[in-house]
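Notes to accompany the following structure.
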Amino acid sequence: MRVEVPASPPVQVLGDAVMIRGAAAIDAYRFMTEGIESVRRRDGIEPPPRLLLTVAGLKAAAIAARSNVADIADIPDVRGGATSRTLRNGQLVGVDEVAGLFGIGLRQARRLGPSLGGWKKRSGEWVFDLGLVKAYIESEKSA
């Protein structure tokens with residue numbers, strides 16, 4: 001006799017805790033890092049340490065979700081990492097590379113800029129975190 005175990009939902013509320021897994025972890029990490037970066041740029045406010053620990057936990061969950069790591073011991077400890085833009089991936093790319101990854105034109109890549117976590121430099125040039133762009137591509141493939 002075969003017993004089927006139902007898949008657990010991507011987001012579960014467990015009392016005063018929340019469990020986030022899979023694509024939901026990738027989305028939460030992406031939106032949280034974008035929000036922190038937006039507040040930094042707009043208001044110059046640095047996030048408190050508790051928020052940075054939350055982001056580090058979401059990053060570990062997003063890495064696990066992207067690589068389908070079954071063992072949590074294989075996930076690197078990111079709590080001692082940087083707190084600037086390098087917190088995400090550290091590898092920044094321009095609009096040309098993003099357009100090539102998506103197979104779209106430069107204009108369309110610029111339009112996607114805000115939803116991909118990109119930001120404009122003072123020169124008007126778009127800059128993207130390669131890790132977020134690849135996570136977005138993977139999440140679109142799995143959706």
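FYI, it's all coordinate maths here, none of it is from the lab. Keep in mind that what you see is a predicted model, and the values were worked out from it rather than measured. Using ideal geometry, Cβ is built from the backbone for each residue, glycine included, and neighbour counts are taken over all protein chains shown.
Label separation (Glu138 vs Ile104): 2.0 nm, computed from points 7 Å beyond Cα along the C-beta direction. Computed from the Cβ-Cβ distance with R0 of 25 Å, the FRET efficiency linking Val13 to Asp43 stands at 0.25.
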